[in-house]
Amino acid sequence: MKLWGGRFDEGPSEVFERFSGSLHFDRRLVHADIRGSQAFARALEGVGILTAAERSQLVSAFDELDAEARMPEFYEGGNDEDVHTLVIRKLHEKVGALSEKIHTGRSRNEQVSLDVRLWLRGEIDRALKLLCGLMQALLDCAQRDPAAVVPGYTHLRRAQPVLWAHYLLAYFEMFARDFERLQQARARMNVLPLGSGALAGSGFPFDREAIARDLGFTAITNNSMDVSGDRDFALDFLYAASTTMLHLSRLAEDWILYSSEEFGWLELGDGVTSGSSLMPQKKNPDSLELIRGKFGRVFGDLSSLFMTMKGLPMTYNRDMQEDKEPLFDTADQLCGSLEMAALVVATAKLKPARPAQAAEESWVVATDLAEALARGGTPFHQAHMIAGRLVLESVRTGKQPSDWTAESLKAFAPEFTPQCAAMLKPEEGMKTREIAGGTGPNHVKAALANAQDRLAQLRG
C-alpha cells in the first residue's frame, strides 16, 4: 500500500523500492506509530472528520494491532514501503475503507517526527534508569573499601594519594552530568510536532495542546517549517549518548589497566571476563574492551547524522530517513554498555594492599611535604625545590619515603620540621585536603552520603 500515487502514471521501479525501503529498520517504531495514530484519531473526532463510533472502532483496531505487532508474522506477507504503510495496510484489513480517513490532515513528515520522538523518549528513560544503576554500583563499590588509598595519576604517572572512594566519586560526577544531558535532550525532544502538516501547518483546526496532553508532551512546536526539517532533538540525544560513552570508555580503560598483572589492584568477576582459546592462564577483560570499542561506533553515529543534516535545504528531504539507524544503534549500544558497566563494577573486587603499596613506595607524598614546608613559612617555590631534591636523592640512593625519619629530613634540609615527617605517610597528607571537592577522609565520607541523596533525587 502506498500513501501516494495519483500523480504518477507508473509505479516505482523494483530497484527504487529496494533502495528506498525502510521497513527492515523502522519497524521498531511500530508501537509509537500506533500510539500516535490513536491520538490522531481522537483529534480527528474533535474536528468532525470521525464520528465517536468511528474513532472508537479505529482505536480498538489499533489496540489489536499493537498486540499483534509483538509477533514476527505481523511483518510478513506484504510489500510495505515503511512502518507507516505497514500499519495502514494492517488497519485496512481490520476496518476496511474507514482506514482511509486516518491520514486526513496528517503528513508523513510530521508522523515520522512524532514516532521518533515517542520512541526516543522511551529509550532515554531506559538509559536514565540504567545510568542510575551504574551510579549506584559505583557508590556501593566505594562503600566496600571506604578507607582504601590509591595513587592518583596525571600523565599516567603516580601523582598524589587519594581515597579509592574519591576516585569512584569522580566517575559518579561524570555520569551525573551525563544524566543531566540526557534529561535536557529529553526535554527538548518532548514537544509535539503533530499539526505541522508537511511544512505549512495543517488545514484542519486541531487542538494541538490537547493532542500534546494526550501523548504526554510538555509543549507543542512553534513553527511548522522548522518541524519538517528538524532533527536537532536526535543530534542532542546522540551527543549526550556519545559523551556518556566517552566516560564509560575512560572507566573501561582505567579498569583494564588496574586489573592487569602490572597493576594488580582489581579482580574482575568471572561473569564479565573471558579466557583464551590457546593460553590457559588468561582472564581477559573483554566486557570492558567492548565498552571501550563501542564508543567509536556511537560517536560515528553522531558524526553520520551531523554530516547528513549539514547541507539540507529547508524543509524535509528524504536524506533524513538516514536518522533512524544511527539513533537505533546508539540507543542499543548505550543501554547495553551501561548495563554491562554496572555489572562489572558490582562484581569487581579491590585488592587494597596493592595500590596502598604503590602509594607508599612512590613519591606521591612529595606535594604534601612541599605544602607542609610552606605552612611552616618556607616560600612555596623554595619548598617545591627542597622536596624535589629530596626525591632526586631518594631515587639515586634507592630510598622510599618510609626510609626517612624526622632526623634525617632535618639533616637533609634544615627547613624540615618534625611535623613534616608525618607527611611521609600518604594517609596523613590526605587529611590536609578537607576542602570541598578534595580527598580528605571526612569530606569524602560526606560526599558519599551527598551522592547517595542526589541519586535518590534523580531516581525520583
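The values are calculated or read from the model by the stated rules, or taken from the named source; none is laboratory data. Predicted model only: the values in this text are computed from it and were never measured. For neighbour counting, all protein chains shown are included, and Cβ atoms are generated from backbone atoms with ideal geometry for every residue, glycine included. For the accessible areas, the whole protein counts, side chains as well, though only heavy atoms, and no ligand, DNA or RNA atoms are used. Shrake-Rupley method; radii C 1.70, N 1.55, O 1.52, S 1.80 Å.
Data overview
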read-out: Cβ-based charge dipole, the chain, positive-most Cα from Asn79, Phe299, Ala67; value: Phe299
read-out: Carbon plus sulfur fraction of accessible area for region 71-193, probe 1.4 Å, in percent; value: 51
read-out: Entries in Lys399/Lys425; Lys351/Lys431; Lys283/Lys351 that, when Cα-Cα distance is taken, lie over 19 Å; value: Lys351/Lys431
read-out: Fraction of accessible area attributable to carbon and sulfur, region 194-279 (%, probe 1.4 Å); value: 51
read-out: Farthest toward positive dipole pole in the chain [+1 Lys/Arg, -1 Asp/Glu at C-beta], among Leu455, Met245, Pro313; value: Leu455
read-out: Percent accessible area from carbon and sulfur atoms, region 354-460, protein chains only, probe 1.4 Å; value: 55
read-out: About the Cα centre, charge dipole magnitude for region 247-370 (Lys/Arg +1, Asp/Glu -1 at Cβ), debye; value: 120
read-out: FRET efficiency, 1/(1 + (r/R0)^6) with R0 22 Å, evaluated for Arg188 and Ala449 via beta carbons; value: 0.10
read-out: Loop-resident sites, region 387-460, for trypsin sites (Lys or Arg not before Pro), counting at most 16 other Cβ within 10 Å (DSSP); value: Lys399, Lys431
read-out: Coarse-grained scattering of the chain at q = 0.06, 0.14 Å⁻¹, given as base-10 log I(q)/I(0) from a Debye sum over alpha-carbon atoms; value: -0.42, -1.25
read-out: Residues of region 137-190: accessible area per residue with a 1.4 Å probe, Å²; value: 43
read-out: For region 382-460, convex hull volume per residue from C-alpha positions, Å³; value: 118
read-out: Net charge dipole size for region 203-278 [Lys, Arg +1 and Asp, Glu -1 on Cβ; Debye, nearest 20]; value: 300
read-out: Neighbour count of at most 14 Cβ within 10 Å plus DSSP loop: longest chymotrypsin sites (Phe, Trp or Tyr not before Pro)-free window in the chain; value: 9-460
read-out: At R0 = 41 Å, FRET efficiency that the Cβ-Cβ distance of Gln143 and Glu10 yields, to 0.05; value: 0.05
read-out: FRET efficiency, Thr154 to Asn442 (Cβ-Cβ, R0 22 Å, nearest 0.05); value: 0.35
read-out: Helical mean residue ellipticity (222 nm; -39500 (n - 2.57) per DSSP H run of 4+; nearest 500) of the chain; value: -20000 deg cm²/dmol
read-out: Test item: Cα-centred dipole of the chain, Lys/Arg +1 and Asp/Glu -1 on Cβ, debye; value: 1120
read-out: Simple spin-label estimate for Arg297 and Ala170 in nanometres, 7 Å along Cα-Cβ; value: 2.8
read-out: Charge tally in the Cβ shell below 15 Å around Ala67, where Lys, Arg are +1 and Asp, Glu are -1, Ala67 excluded; value: -3
